Amino acid sequence: MKKALIIGGGPAGISASLYLARSGAVHVTVVTNGKSSLEKAERIENYFGFAQPVSGKELLENGRAGAQRLGVVFHDTELLELGITPELKFEAETTLGKETYDAVLIAVGTARRRPSVKGIGEFEGRGVSYCAVCDAFFYRGKNVAVIGQGRYAVHEAETLRQTSASVTLLTNGSEPDAEIPDGIDIIDKKISEIVGDSKVRAVMFGDGSKKETDGVFIAMGSAGSGEIARKTGVSAENGVIITDKDMATNIPGIYAAGDCTGGLMQISKAVADGAIAAMSMIRFLKALP
Ligand SMILES: Cc1cc2nc3c(=O)[nH]c(=O)nc-3n(C[C@H](O)[C@H](O)[C@H](O)COP(=O)(O)OP(=O)(O)OC[C@H]3O[C@@H](n4cnc5c(N)ncnc54)[C@H](O)[C@@H]3O)c2cc1C
């Protein structure tokens with residue numbers, strides 16, 4: 001059986017998983033860290049099939065249970081890295097380890113917000129980056145900082161540590177939410193501003209102190225659509241993944257569905273996207289040798 005990976009267990013990812021599983025030809029794994037925006041919806045009245053309002057949580061639980069009944073495997077974990085192997089397979093690294101798949105659906109919801117720190121927008125491309133594996137090369141032997149406090153931030157810091165002179169994790173006033181390996185410094189003060197001239201020079205903190213740095217990598221929360229797109233070369237604009245009518249991206253074998261593809265950010269559209277993407281993935285997988 002061919003192996004499909006779905007990143008995201010919201011309506012788009014779960015809808016796709018149903019079609020893939022029912023094709024009978026695909027082993028389906030959903031990797032999800034369980035923060036669907038639907039969980040915040042207390043009362044849904046505009047989705048087909050409910051005489052009374054339904055909560056987003058209930059819809060999600062039912063959706064997941066239905067997929068599991070069809071054999072879809074859920075891993076409650078976080079995608080950290082997605083790469084393409086020389087054999088044109090997709091290697092996904094999660095907190096559980098690495099696994100290779102024949103096709104991937106990105107269904108991670110809306111793009112992650114960047115922290116509201118003065119200077120981030122101004123220095124994007126001039127010292128502010130969103131992808132360690134893409135840009136570590138430019139910071140060889142330099143001092144870099146990573147803004148974030150979770151497992152994804154640590155993953156980005158570890159990637160940078162292999163080539164940079166020093167890596168400092170800036171938690172921006174939060175407690176670190178992951179084990180910090182040796183060799184990564186931590187500053188937990190609130191950040192006030194990123195400063196520089198033609199490029200980033202330092203991060204300023206609320207107490208007036210500063211940390212000089214050559215680069216700042218943003219890794220808040222988990223890897224969102226923008227980060228995953230950068231890691232794989234998938235075309236995206238402002239975190240919105242660009243797809244064709246079959247929900248295919250510019251990279252053969254990678255599809256996207258739901259809020260991360262923009263447009264109407266509603267359950268009905270996410271579910272439809274997921275179905276279309278799954279049908280395209282089935283065709284793609286069947287054509288593989
Ligand atoms: C308060 C609120 C109320 C709403 N009310 C309505 C409504 O009444 N009607 C309606 O139609 N729509 C409503 N919506 C919108 C609806 O929730 C979304 O359009 C829909 O959930 C989008 O589905 P999705 O699958 O694209 O993304 P999401 O539901 O956001 O799911 C994305 C999934 O990706 C996972 N994920 C992200 N990054 C990673 C990673 N790195 N590793 C692993 N997993 C990851 C998340 O954990 C999540 O499970 C509401 C939204 C909100 C916030």
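The values are calculated or read from the model by the stated rules, or taken from the named source; none is laboratory data. Given the structure is predicted, the values throughout are model-derived calculations rather than measurements. All Cβ positions, glycine included, derive from the backbone under ideal geometry; neighbour counts span all protein chains shown.
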Item checked: Test for ASP244: is it without any contact (Cβ under 8 Å) to a residue 24 or more places away in the chain, away from the ligand (no atom under 16 Å from the Cβ) and outside the structural domain of GLU45 (by TED's automatic domain parsing) -> no
Notebook entry, point to check: Is at least one residue of the range 225-232 part of a loop (DSSP other than H, G, I, E, B) and either more than 12 Å from the ligand (Cβ to nearest atom) or buried (at least 17 other Cβ atoms within 10 Å of the Cβ) (or both)?
Noted result: no
Checklist line | Complete set of residues in the range 262-276 that are touching a Lys or Arg at 6+ places or on another chain (Cβ under 9 Å) and either at pLDDT 95 or above or within 8 Å of the ligand (Cβ to nearest atom) (or both) | finding: ILE276
Notebook entry, point to check: Is it true that some residue in the range 167-181 is farther than 15 Å from SER116 by Cα, in contact with a Phe, Trp or Tyr (Cβ under 7 Å, 6 or more places away or on another chain) and outside any strand (DSSP E or B)?
Noted result: no
Margin query: Going by what's in this entry, would ALA21 be described as without any contact (Cβ under 8 Å) to a residue 60 or more places away in the chain, among the small types (Gly, Ala, Ser), surrounded by 18 or more Cβ atoms within 10 Å (Cβ to Cβ) and in a helix (DSSP H, G or I)?
Written below: yes
Notebook entry, point to check: Take the residues of the range 249-261 that are outside any loop (DSSP other than H, G, I, E, B) and in contact (Cβ under 8 Å) with a residue 40 or more places away in the chain: which is farthest from the ligand (Cβ to nearest atom)?
Noted result: ILE254
Notebook entry, point to check: Tell me, which residue of the range 262-277 that is of a type in the set (A, V, I, L, M, F, W, C) and part of a loop (DSSP other than H, G, I, E, B) is surrounded by the fewest Cβ atoms within 10 Å (Cβ to Cβ)?
Noted result: LEU264
Item checked: Check on ASP214, over 21 Å from PHE123 (Cα atoms) and in the same structural domain as VAL146 (by TED's automatic domain parsing) -> no
